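Contents: one structure, followed by commentary.
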Amino acid sequence: MIGQTPERAAVVDVGGDRMTLLAERAAYWERTRTLLIADPHFGKAAAFRAAGVPVPRGTTTGSLTRLDAALSRTGASRIVFLGDFLHAREGREAETTRVVAEWRRRNASIEMVLVRGNHDKHAGDPGPDIDIRSVDAPLAEPPFVFTHKPAVSDEGYVICGHVHPAARLTGPGRETVRLPCFWARPGTMVLPAFGEFTGVAEIDAEPGDRVWVIAEGAVVNVSGV
Amino acid sequence: MQPCVRCSDPIDRWFASRGWTPFAFQCEVWDAYRSGESGLVHAATGTGKTLAAWGGPLAEWMSSVTSHAQKPRRDRTPPLRVLWITPLRALAADTEEALRQPLDELGIPWSLESRTGDTSAAVRARQRRRLPTALITTPESLALLLARNDAPDIFTDLRLVVVDEWHELMGTKRGVLVELALARLRFHQPSVRTWGLSATIGNLGDAADALLGVRQDRPPRIVRGVDPKDVVIDALIPPVIERFPWAGHLGTPMVPQVVAALEEAASAIVFTNTRSQTETWYQAILSARPDWAGAIALHHGSLDRKRREWVENGLRTGKLRCVVATSSLDLGVDFSPVDRVLQVGSPKGVARLLQRAGRSGHRPGATSRVTCAPTNALELVEVAAARDGVEQGLLEARLPMERPLDVLAQHVVTVALGGGFVAEELLGEVRSTRAYASLTDAEWAWVLEFLTSGGDALRAYPEYARITLVGGRYVVTNDEIARRHRMSIGTIVGDAQIGVAYLRGGSLGSVEESFVARLKPGDRFVFAGTPLEFVRVRDMKAWVRRAPNGKGAVPRWAGSRLPMSGQLAELLRARFGEAGRGVVRGPEMAALQPLFAVQRKWSHIPAPDELLIEQVKSREGWHLFVYPFEGRLVHEGLSALCAYRLARHAPITFSMASNDYGFELVSPTEPPIAAALEGQLFSPDNLVEDIQAALNATEMARRQFRELARVAGLVFPGFPRAGKTARQLQMSSSLFFDVLRQYDPGNLLLSQAAREVLERQLESTRLGATLRRLFQSRVIVRHPKRVTPFGFPLVVDRNREKVSSELLADRIRRMQLALEKAAG
C-alpha cells in the first residue's frame, strides 16, 4: 500500500502560539516571521581536519544550502540562532569564514541574532565579516524565551537547542530506528541540531511529551499526543 | 614416536636427559630451520609444536657459542633474536612458561619476556630501552614495535618469528596485520625465518602463503605434527526421543546425562557455543551436584583475567574436575589433556569438533574423544554428519581476506612512524603479502592520498596530513598524530563492554553495555557463575553485590552465533538423504526414526538434489518454509531475497526467521509461490542487486563501517586519560558514514564496507553457490496440516526480521516511541 505524500512540515501549538516544524531541521514562528535554528556548528569539519581527521569538504555549504531552502520556503525576515554558531576557534579558518560571510551578504536584508551557547564562548562571536548580533541567553520574546541549553522559565515557554535530540522508535520484530527530532515537554521545546556534521543524542522521552521525528524529508508526529 | 637418529643436537641430548624422545616432525622442523627454511607446522593442540619451533633457535645458539660462561648480567643478555606472536594476551603467560623451561634447563643466558596490552608501564619502559632476547607478543604490540622511531635498528639480530595459532588469525583483519608486519620484518632483516604453528585446516597452502608471502624463493615447508591415532565422536542420546524438544538452544534436558558422563571422569571440559550457555550450564550442573562446588568452574572471554587464570591453573593442577567453557579454551599451550570432552549443541564445523576432541586423552597419539549433547532433536543429525566429516578428512578452510584498505592505511602510518618509507619500495613490500598481492596502483594511490590529504585528489587540504613527504620519504611529523596512532593501533572492534565489579571490591569480568542499560537497581542476574544483584552504574562500571539465590537473567552477548560450515552442511544433506531413503546408519539416526517417520508422513525428507518447500496455513497466517540446509547466514540472505522476489509478483508483507536448516516467511495473505517458482525465484542472476535492494544494504554497510572507521583511524576509542581535545574529536562512525556518502561517495572505505557486508555478513560467495544449487534442484512442495519437525524450530524462533518496501515515513507511523519508564 503506497502511503500518503509525506508532510514536509508540521504546524503545532507550543506555548500558546503556532510554530511550524520544518523537515529542514528548523522551526518557523509565523507571527514574527522568525526562523529558529539551533546548533549549526559551522566549521566543525574544518576543526576535525585541522586535527588530522579526514572529513570531506562541503558540509558548511550543505548546511547553508538547507538554510536557504528554509528561508525561501517560509519567507522569514529574521533568523534567531539558538547557540553554537561556530564550532571552535580552529573553525575560524579562512575558508569557513569566507563561505559564511558570503552567504550573510547574500541575505543582507534578513535580521540575524545569535543567542550565545557554550561553543560560542570558546570560539568567540562571529567576526565583523559575518554581521550577526550576539546576545547572552536568555532572550525573552513573549510568549517564548530563547536559550541555548534547556531550561524552564517563568517568563515564557523556552525554545532551545544544545541537546541534538534524536528519538528511538521500535516496531514489531526487531525493527528499530533512530531519527533527529523536535522534542516538546511542559515548558520547554528542544530543536534538532541544524548543522550538517553534528551528531545526535538519544532523548529520554516521558509519557506526555510530544515528539516529531524527521525522516527522509517528512516531519512525523510519533507521540500519539 | 621413533627416535630421531639424525639429531645429534644438544636439544636431542636434553630430551634424552629427561627420558623423552623427540618426534620425527620436530626433528624435521629443526633441520629445516637450520637450513634457513621457513614453514608451517600443523596438528592438534598440545602435541609438541611449541618445542618444534623453539628448538631450532636454541640449537643454533648453543652450537654458535663456544664457551658457556655463567649467566651474565641482566643488561648483557643477547639482543632480540626470537619474536613469538600469539593471538591472545591470555596465552602469553602460558607460552612464557613453556618456553622458559628449556632455557633454564639448558643454561641458555637469554632473557624472555612478554609484551601485550596487559604489560605494566614499568616493564614497557624497560623494554623500550632494551628488548629481551625472546619476546612473546600480540599482533597489536608487534605493530607498536614497528612504529618505534628506532624500528630499523632493533631487528638486526632477529633470527626467527613464530606465529602461534595461525589458523585463528588467518581470515581476520588481525591476520592481515600480521602478514604486513611480517613483510616489514623481512624488510628490516631479510634473513629472518618465519614459522607458523596451526591446527589442521582445509587450506594449508593458503595458510603458508599468507604467512610467508608470495615472493618466497623456495616453497614453504609444511610439516604435519602428531595426530591422534583414533578420534571418537559420539552423542548422548535422549532416552525418549518423542519427548525430546524439536527446538531449543540450551539443551538443559540433557543435564542428567551430561552429569552422569562427568561423574565417570576425573577431569573434563564441557564446551558450549555461547557465553550465555556457559553460564546457564554451569548453574545447571551445580544444581544437580552441589557437592561439586569449588571443583567446577566456568571460563569464557568476558571473564576477568584473574578468574580465567585461576581456572586454567585449576585445570592444569587437577584441582578442578570440570570446566564449562566457550571457545576461549580452544586455544592454549599445554594444558594437560582432560579425561573427557563434552560439547553442548552442534559444534557447527568439523575442524572445530576435531580440535576440541584433541583436548582429551592423556598422551599425544592416544585416542581422542568428544561426546556431543544435543540441544534439540535434529542436532543428532549434525553430530552424525560431523563424524562423517572427520572420517573423510573434510576440514573447513579458513578463507584469507582480500585487500582490506583500512588495515593497509593503519599499517602505512605505522611504517611512516617506524623509520619512514619510500612509496615505491613500500608498495613492493605490501604486494609481497598474500592479502595485497593484487593491490592495484589506483588503490595504493588512494590510500596515500587518504593519509596525506584526506582522500580528495582534486583539492589540497593544507591543514590536514597524517603522513608527509619529507626528502622523498613519507614520515609522520605531527606529535599528536603519532601519539594518537600508537594509542589506537589494532583492529578488534567489539560492542561497548562494561566492567562488572563487586561493591566491596573485586572484578568479575565484563558484559555488554546494552545488557546493563536494561537493568534497574535490584535486578538479579547471573554472571561468572555467581548470582548477582545489580546496584548501579558509575564510572563506566556496573557495581553489584552477591544475591542469595540463583535466579536471574543470564547476560546475552551479541557475538554472532556461528553458522554451520559449508562442509558440515553438505554432509548434513547427505545424511538427510539417507534418512529419506530409509537407510539407518549409526545410533543417532536410529534414535531419530520416530521423528523421521513423522516428517515423512506429514511432509517429506529431501534428497541432496531436492529442495523441500512446505506451505502451512495457521491462525497467524500463511507460513512458507524453505529448507536449503546451508547455514543461518546464507538463509538470512536467501529469505530476504525470496521475500523481495515474491513481493514483486503481488503486494505483500513478510516476517522472516532463519536457522541453520532453513527459513520461514509468514504473510497475512497467500504468497504467490507457484508463479514465483516459474518466474525464477531461485535464479542466481541479479543476486547482488536484488540482495542489496532486499536487505537494507545501507544500514548494514553503516554497521560494517564502524569497524573500518576505527581501523583506518577516522574515529578513536575513548581513552581513559584522554584530554579534552580527544573527547572533542570523538565522532560516531555512523555520522562519518553519512557525511562520506553525501560528500565523498567515491571514498574507497565506503565500497570496502559494502563489499564486506556482502562477503562477511551475507557470505555472498556461499549464497551465490547455494542459489545455483537450488536452481538446479527438483523442488518438492508439500502442504502439511501442521508445522513439521523441520519447521517447528523456525516457528518458535523469536528473532524475526521484516521485509518492507514502504516509505520510512509510513513505517515509522506504525512504530512506537521508546519511552523512559516513569521514575519511582
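The values are calculated or read from the model by the stated rules, or taken from the named source; none is laboratory data. Owing to the predicted nature of the structure, the values given are computational and were not obtained by experimental measurement. Glycine also receives a Cβ, built like all others from the backbone with ideal geometry; neighbour counts cover every protein chain displayed. Calculation scope for accessible area: heavy atoms of the full protein, side chains included, ligands and nucleic acids excluded. Shrake-Rupley method; radii C 1.70, N 1.55, O 1.52, S 1.80 Å.
Could you report the accessible area of B:Arg755 in Å², rounded to 10, computed with a 1.4 Å probe on the protein chains as they sit in the structure?
Rounded to the nearest 10, the figure is 100 Å².
With a cap of 16 neighbouring Cβ atoms within 10 Å, and only residues DSSP puts in a loop, list the GluC sites (Glu not before Pro) found in the range A:1-73.
Answer by residue number: A:Glu7.
Take peptides A:108-117, B:383-392 and line them up by average Cβ neighbours within 10 Å, highest first, as a rough protection proxy.
Numbers: A:108-117: 17.7, B:383-392: 21.6.
Output ranking for A:108-117, B:383-392: B:383-392, A:108-117.
Could you work out the mean count of beta carbons from other protein chains within 10 Å of each residue's beta carbon in A:44-51? Provide the component values of the computation, followed by the final result.
Working: counts 2, 3, 3, 3, 7, 7, 4, 10.
Mean partner shielding for this stretch: 5.
What FRET efficiency, computed as 1/(1 + (r/R0)^6) with R0 = 41 Å and r the Cβ-Cβ distance, is obtained for B:Glu97 and B:Val535, rounded to the nearest 0.05? Please list the in-between numbers first.
Details: r = 38 Å, r/R0 = 0.93.
With R0 = 41 Å, the Cβ-Cβ based efficiency is 0.60.
Say R0 is 25 Å: what FRET efficiency, to the nearest 0.05, do A:Glu141 and A:Arg18 get from their beta-carbon distance? Before the final figure, lay out the partial values.
Numbers: r = 15 Å, r/R0 = 0.59.
The computed FRET efficiency comes out at 0.95.
So what is the accessible area of the protein assembly as shown per residue, in Å², with the probe set to 1.4 Å? Let's see the in-between values first.
Values: 43470 Å² over 1049 residues.
I get 41 Å² per residue for the protein assembly as shown.
Rounded to the nearest 20 debye, what is the charge dipole size of the protein assembly as shown about its Cα centre when +1 sits on each Lys and Arg Cβ and -1 on each Asp and Glu Cβ? All intermediate terms of the calculation are to be shown ahead of the outcome.
Values: 131 positive and 118 negative charges, 359 e Å.
Charge dipole of the protein assembly as shown: 1720 debye, to the nearest 20.
Taking H as built 1.01 Å from N, whose amide H comes closer than 5 Å to the amide H of B:Ala542, not counting residues under 5 places away?
Distant-sequence amide H within range of B:Ala542: B:Gly499, B:Val500, B:Ala501.
In what sequence, highest mean first, do B:30-39, B:569-578, B:674-683 appear when ranked by Cβ atoms within 10 angstrom?
Details: B:30-39: 18.4, B:569-578: 21.0, B:674-683: 14.9.
For the peptides B:30-39, B:569-578, B:674-683, the packing ranking is B:569-578, B:30-39, B:674-683.
Each label point is 7 Å from the Cα along the Cα-to-Cβ direction; what then is the distance between the points at A:Thr176 and B:Arg741, in nm?
Placing both labels 7 Å along Cα→Cβ, they lie 1.9 nm apart.
Tell me the carbon and sulfur percent of the accessible area for the range B:111-164, rounded to whole percent, probe radius 1.4 Å. Intermediate results must be reported in sequence, preceding the final value.
Values: 900 of 1850 Å².
Exposed carbon and sulfur together represent 49 percent of the surface.
Where both residues lie in chain B, what percent of DSSP beta bridges are antiparallel, nearest 5?
Numbers: 39 of 95 bridges.
The antiparallel proportion sits near 40 percent.
Distance check, please: which entries in B:Lys348/B:Lys617; A:Lys44/A:Lys149; A:Lys44/A:Lys121; B:Lys306/B:Lys541 exceed 23 angstrom between their Cα atoms?
Working: B:Lys348/B:Lys617 32 Å; A:Lys44/A:Lys149 19 Å; A:Lys44/A:Lys121 15 Å; B:Lys306/B:Lys541 17 Å.
Result: B:Lys348/B:Lys617 exceed 23 Å.
Evaluate the relative contact order of chain A (contact order divided by residue number), counting alpha-carbon pairs under 8 angstrom at least 6 apart; express in whole percent.
On the way: 519 pairs, mean separation 47.5, N = 225.
Relative contact order, chain A: 21 percent.
In whole angstrom, note down how far apart the Cα centers of the range B:194-264 and the range B:27-46 are.
What the calculation gives is 23 Å, centre to centre.
Using a 1.4 Å probe over the heavy atoms of the protein chains, calculate the carbon and sulfur portion of the accessible area of the range B:648-700 as a whole percent. Walk me through the intermediate numbers first.
Working: 1160 of 2320 Å².
Result for the range B:648-700: 50 percent of the exposed heavy-atom area is carbon or sulfur.
Going by average Cβ neighbours within 10 Å, how do the peptides A:200-206, B:428-434 rank, with the highest at the top? Mind showing how you got there, number by number?
Details: A:200-206: 15.6, B:428-434: 20.4.
Order by mean packing, descending: B:428-434, A:200-206.
Given H placed 1.01 Å from N in the peptide plane, which residues other than close sequence neighbours of B:Val223 have an amide H under 5 Å from its amide H?
B:Leu40, B:Val41, B:His42
How large is the convex hull of the Cα atoms of the protein assembly as shown per residue, expressed in Å³ as a whole number?
Working: hull volume 200.2 nm³, N = 1049.
Each residue corresponds to 191 Å³ of Cα convex hull volume.
Can you give the relative contact order of chain B as a percent, counting alpha carbon pairs under 8 Å and 6+ residues apart? Could the numbers behind the result be given before it?
Details: 1460 pairs, mean separation 91.9, N = 824.
Rounded, it is 11 percent for chain B.
Report the label-to-label distance for B:Ser63 and B:Gln816 in nanometres (one decimal), using points 7 Å from each Cα along the Cα→Cβ vector.
Between B:Ser63 and B:Gln816, the simple spin-label model gives 7.6 nm.
Can you run phi through the Karplus equation (6.51, -1.76, 1.60; θ = phi - 60°) for the range B:639-656 and list ³J(HN,Hα) in whole Hz, with x for Gly and Pro?
5, 5, 4, 5, 4, 4, 5, 5, 5, 6, 7, 7, x, 6, 10, 10, 10, 10
Mind checking A:192-202 for the average number of partner chain beta-carbons within 10 Å of each residue's beta-carbon? Intermediate results must be reported in sequence, preceding the final value.
Working: counts 0, 0, 0, 0, 5, 7, 2, 6, 3, 0, 1.
Other-chain Cβ atoms within 10 Å of each residue's Cβ, averaged: 2.
Quick one: 3J(HN,Hα) in Hz for the range B:244-255, Karplus 6.51/-1.76/1.60 with θ = phi - 60°, rounded, Gly and Pro as x.
7, x, 7, 9, x, 10, 7, x, 5, x, 8, 3
Report the A-B buried area as the accessible area lost on both sides summed, probe 1.4 Å, in Å² to the nearest 100.
Numbers: alone 10920 and 36530 Å², together 43470 Å².
By this definition, chains A and B bury close to 4000 Å².
To the nearest 10 Å², what's B:Thr317's accessible area with a 1.4 Å probe?
Only protein atoms counted, so the area is about 100 Å².
Between B:Ala442 and B:Arg772, what is 0.36 nm times their sequence separation minus the Cα-Cα distance? Round to one decimal in nm. Walk me through the intermediate numbers first.
Values: separation 330, 0.36 × 330 = 118.80 nm, distance 3.34 nm.
Result: 115.5 nm gained on full extension.
When you look at the Cβ of every residue in A:52-65, what mean number of other chain Cβ atoms sits within 10 Å? Don't jump to the answer; show the numbers that get you there.
Details: counts 14, 12, 20, 11, 14, 6, 5, 3, 0, 1, 3, 0, 0, 0.
If you average over the peptide's residues, the count of other-chain Cβ atoms is 6.
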